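Trainee: So that we are looking at the same thing, I have put the structure below in structure tokens.
We did not get these values from a lab; they are worked out from the coordinates using the rules stated. Because the structure is a prediction, the values reported are computed rather than measured. Every residue, glycine as well, gets a Cβ built from its backbone with ideal geometry; the counts of neighbours run over all protein chains shown.
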Amino acid sequence: MAVVEINNLKKFYGTLEAVKGISFVIQKGEIFGLIGPNGAGKTTTLRVISTLLKPTSGDVKVFGYNVVTEPEKIRRFISYLPEDAGAYKNLTGMDFLTFIGRFFANGEELTKMVNKGVEIANLGDRIRDKISSYSKGMMRRLLVARALMTGPRLAILDEPTSGLDVLNAQEVRKIIKDSVKSGVTVLLSSHNMLEVEFLCDKIALINNGVIVESGTPSELMKKYNSQNIEEVFTEVIKCS
Amino acid sequence: MFLNLLKKELKEILTISSIVLIAAMSLMYALIGQSIGNIEEEITKKPSIGIVNLDSGRFGLLVTDILKQISTVLYTGTNIDEGIKAVAESGTALLTIPEDFTEKISSGVQTDIEVYWMLKGLGIMDSVSSGVIQNLIYYMRNEISKTLMKENGFEHTDFVLNPVIRNDVTFLKGKELGNVSPNQLLDTIFPQSMMTSVIIMMLIMTAGGSVISSMGLEKENKTLETLLTMPVRRSEIVFSKILAAAIAGLIMAAIYMVGFSFYMGSFSMSSGGAVIETIKLTVNDYFLVGILIFTSLLCGISISMLLGIFSKDYKSAQTMNFPLIALAVFSMLVTLFKDFSTLPLALKIVTFAIPFTHPMLAIRNLMVQDHGIILWSILYTSSFAIVMIAVVSWFFNSDRLIIGRVKTRRR
């Protein structure tokens, strides 16, 4: 069974058609990248899959559950990291991870989960400081840890390395790559083509609400006779 | 999971700074109450006066003796300037008995007493002492009348001065209240009604403000999307916010009311025992008032939450509470000056529709044993709260919370 099945998804914001009938499938254990320019419909698509928005039309299933009729079942298996996500600033990093963990586990299992979060965040003693004192990079690491510590079957990451410096971004990419080994399927969006090339098993290029190309990075580079995904992206967007 | 959410919300709302702020306000009210003293104590306290007696006749001496018995005399003499100086600091008035006082009274000519008032200010408490002096003069006048009557052969002077005793029976909404005048009734009801109105106002300001701010913070900190993808029902998120705001509101209102009760205590007067017995509330009555306050609070919080949904961030959320406070002020002002039953129909409908009106009227209705209207009020406010919570839950399940307002789709 596919992890995500999207068939002719359309999403209107009033009169604006943000997503114009896209379809794709994500298989278990894949890192699937949704890439495209600003305003292409990436975040809208991710929000629909993570049950935050309802589709205007089309069929969206996650682990076989419909996002419109069975959103609560889907939320048990997914973890969504929005691009500009934040955390409760009055809590410490540790308290925040514990707060999130309590939705998924309790007792010893909760302790293990929080310890895993602390390890992923890798903030040292600062994990016990108030989140309000964290830098942007520290905050993002905490949020990535929050998203992955619960052992989701599907992690939906919107620009996971957004705002991070090179070292932090590299560390987060490694964390994402490692999480797949433990059975997590990842759907991510990114502007960073190098990141996409490094991380993704499969990518879909979205432009103006339409998926204009999809395949593995190597397939696409071959098809467009390009050296890297950035060139593929430029070519595809130019032609679409 | 609900407890997890509730704990988080309470931690967010009940911060040390918010409690310190409300405690400081409470302390401020208590200090004001302590500094202005008690109106009843002021009235029963012996007034401090000065007496300038320029009359050596018997009525001059009689008046001086009476005044000495019922007041604290700071000056007795014949010099007005010295008298004014003596009472200026701590006295209330200087009474001057003219030279021809006895002569005029004895010959049946009306005379006068000059009163130099030492007014310390224009506040309510500053004018209380002048009322006490007026009572003093009234008592003194009666004593002179009694003396004159005795000299003219009247035996029952008290009877002659007061041949008719007033016996009050007040009818209120068809209920007969024996030995109670409308003024006594209002003196008893007003402080309690006022207190209920202030409690409601405080609850709406604190609890409503908390929930709106909580929504504003969720948006500003970008935590709402994360929260909405947690494996918890949206209705639980809504209810945890409402319950946390209600708990925090009740705690803050309780802290506030401790100070405010000291403040109000300065203006309270004990009414006659008969009044209290006639309209005394029972434990059950207070229980009903409590339920009504709670259901109205739920209405206020759910309206606040709805307004919070439309806020963009914490700053914009802060101003969202004003319409709600305005509604509560409207209810308070209308019910303070007019009884609900005597309002024009249109105003009656508007006032009734505002859920905060109901607890404000509850004390009065219960004092006249009108339990029926209280039950209707509980039913109305409960239904209002349920509908509002359902509307809020609907918004939480819609796209509106994430994407904000969008233009309607043209077909």
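Trainee: Taking only DSSP H segments of four or more residues, each worth -39500 (n - 2.57), what value at 222 nm results for chain B once the sum is divided by all its residues, to the nearest 500 deg cm²/dmol?
Mentor: -22000 deg cm²/dmol
Trainee: On a 0 to 90 degree scale, rounded to 10, what angle separates helix B:234-265 from the longest Cα axis of chain B?
Mentor: Once rounded, one gets 10 degrees.
Trainee: Using a Förster distance of 22 angstrom, determine the FRET efficiency expected from the C-beta separation of residue B:336 and residue B:379, and round it to 0.05.
Mentor: 0.35
Trainee: Also, I was wondering about something else. Please state, to two decimals, what the Cα-based radius of gyration of the range B:39-165 comes to when divided by 2.2 N^0.38 Å (N = residues).
Mentor: Computed over Cα atoms of the range B:39-165, the ratio equals 1.12.
Trainee: OK, next. Taking R0 as 25 Å, what FRET efficiency do you get between residue B:254 and residue B:17 from their Cβ-Cβ distance, rounded to the nearest 0.05?
Mentor: Result of the calculation: an efficiency of 0.90.
Trainee: Would you compute, from DSSP H runs of 4+ residues alone, the mean residue ellipticity of chain A at 222 nm, taking -39500 (n - 2.57) per run and dividing by the full residue count, rounded to the nearest 500? Spell out each step's value before the answer.
Mentor: Numbers: 9 runs with 92 residues, N = 240.
Using -39500 (n - 2.57) per qualifying helix, the result is -11500 deg cm²/dmol.
Trainee: A further question on this structure: Hey, got the dipole for the range B:39-165? About the Cα centre, +1 on K and R Cβ, -1 on D and E Cβ, debye to the nearest 20?
Mentor: 160 debye
Trainee: Compute the long axis of helix B:283-309 from its Cα atoms, compare it with the longest principal axis of the Cα atoms of chain B, and write down the angle in degrees, 0 to 90, nearest 10.
Mentor: 50 degrees
Trainee: Hey, another quick one. Between residue A:69 and residue A:210, what is the spin-label point distance in nm, taking each point 7 Å from the Cα along the Cα→C-beta axis?
Mentor: Those two pseudo-labels are separated by 3.1 nm.
Trainee: Using the charge dipole of the protein assembly as shown (Lys, Arg: +1 at Cβ; Asp, Glu: -1 at Cβ; taken about the Cα centre), state which of B:10, B:325, B:201 has its Cα farthest towards the positive end.
Mentor: Projecting each Cα onto the dipole axis, the largest value belongs to B:10.
Trainee: On alpha-carbon atoms, Rg over Rh for the range A:28-83 using Kirkwood Rh?
Mentor: Checking Rg against Rh, the ratio lands at 0.95.
Trainee: Next question, about the same structure. Quick check for me: using +1 on Lys/Arg Cβ and -1 on Asp/Glu Cβ, what's the dipole size of chain A about its Cα centre, in debye to the nearest 20? Don't jump to the answer; show the numbers that get you there.
Mentor: Values: 31 positive and 27 negative charges, 107 e Å.
Using only the charged Cβ atoms, the result is roughly 520 debye.
Trainee: Listing A:6, B:49 from the residue with the fewest other Cβ atoms within 10 Å to the one with the most, what is the order?
Mentor: Values: A:6 25, B:49 29.
Ordered by Cβ neighbours within 10 Å, fewest first: A:6, B:49.
Trainee: Consider all pairwise Cα distances in the range B:115-209 and report the whole-number % of them above 21 Å.
Mentor: Counting pairs separated by more than 21 Å, the tail of P(r) holds 67 percent.
Trainee: Let me ask something else about it. Could you list A:77, B:337, B:384 so that the one with the fewest beta carbons within 10 Å of its beta carbon is first and the one with the most is last?
Mentor: Values: A:77 17, B:337 8, B:384 20.
Ranked by crowding around the Cβ, least crowded first: B:337, A:77, B:384.
Trainee: Can you tell which of B:1, B:145, B:388 lies farthest toward the positive end of the dipole of the protein assembly as shown, using +1 and -1 charges on the Cβ of basic and acidic side chains (Lys, Arg; Asp, Glu)?
Mentor: B:1
Trainee: I've got another one for you. With a bin width of 10 angstrom, please list the P(r) values of chain A as percents of all Cα-Cα pairs, from the 0 bin to the one holding the largest distance.
Mentor: 8, 32, 35, 20, 5, 0
Trainee: Taking every pair of alpha-carbon atoms in the protein assembly as shown, what share in percent sits in each 20 Å bin, from 0 to the bin with the longest distance?
Mentor: Binned Cα distances yield the sequence 15, 33, 23, 15, 10, 4, 0.
Trainee: Before anything else, pin down the relative contact order of chain B: Cα pairs under 8 Å, at least 6 apart, normalised by residue count, whole percent.
Mentor: Relative contact order here is 21 percent.
Trainee: Among A:167, B:258, A:26, which residue has its Cα positioned farthest towards the positive end of the charge dipole of the protein assembly as shown, with +1 placed on the Cβ of Lys and Arg, -1 on the Cβ of Asp and Glu, and the dipole taken about the Cα centre?
Mentor: Of the options given, the answer is A:26.
Trainee: How big is the antiparallel share of DSSP beta bridges in the protein assembly as shown, given as a percent to the nearest 5?
Mentor: Working: 29 of 57 bridges.
Beta bridges within the protein assembly as shown, antiparallel portion: roughly 50 percent.
Trainee: Another one. Please compute the modelled spin-label separation between residue B:161 and residue B:322, points set 7 Å along Cα→Cβ, answer in nm with one decimal.
Mentor: 5.9 nm
Trainee: Now for a separate question. Starting from the Cα of residue B:68, draw a straight line to each of the lysines and keep only those under 20 Å, dropping any in the same chain fewer than 8 residues away.
Mentor: B:45, B:46, B:85, B:146
Trainee: Only Lys, Arg, Asp and Glu count, each charged at its Cβ (+1, +1, -1, -1), so figure out the dipole size of the protein assembly as shown about its Cα centre, rounded to 20 debye.
Mentor: 3340 debye
Trainee: Can you flag which of B:175/B:348; A:202/A:223; A:10/A:61; A:174/A:223; B:222/B:312; A:73/B:11 are past 18 Å Cα-Cα? Walk me through the intermediate numbers first.
Mentor: Details: B:175/B:348 22 Å; A:202/A:223 14 Å; A:10/A:61 14 Å; A:174/A:223 28 Å; B:222/B:312 11 Å; A:73/B:11 29 Å.
Those over the limit are B:175/B:348; A:174/A:223; A:73/B:11.
Trainee: Here's another thing I want to ask about it. Kirkwood Rh over Cα pairs of the range A:146-240 into Stokes-Einstein at 25 °C, 0.890 mPa s: D in µm²/s? If you can, show how the numbers build up before the last one.
Mentor: On the way: Rh = 14.2 Å.
The diffusion coefficient I find is 173 µm²/s.
Trainee: Okay, moving on. If the viscosity is 1.306 mPa s and the temperature 10 °C, what Stokes-Einstein diffusion coefficient in µm²/s follows for the range A:86-151 when Rh is the Kirkwood radius over Cα pairs?
Mentor: 140 µm²/s
Trainee: Consider all pairwise Cα distances in the range B:325-411 and report the whole-number % of them above 15 Å.
Mentor: Counting every Cα pair in the range B:325-411, those more than 15 Å apart make up 68 percent.
Trainee: Could you tell me how many degrees, from 0 to 90 and to the nearest 10, lie between the Cα long axis of helix B:322-337 and the main elongation axis, the longest principal axis, of the Cα atoms of chain B?
Mentor: Here the helix axis deviates by roughly 30 degrees.
Trainee: Taking the alpha carbon gyration tensor of the range B:324-373, what are the square roots of 5 times its eigenvalues, largest first, to the nearest whole Å?
Mentor: Numbers: eigenvalues 61, 30, 18 Å².
Over the Cα atoms of the range B:324-373, the ellipsoid semi-axes are 17, 12, 10 Å.
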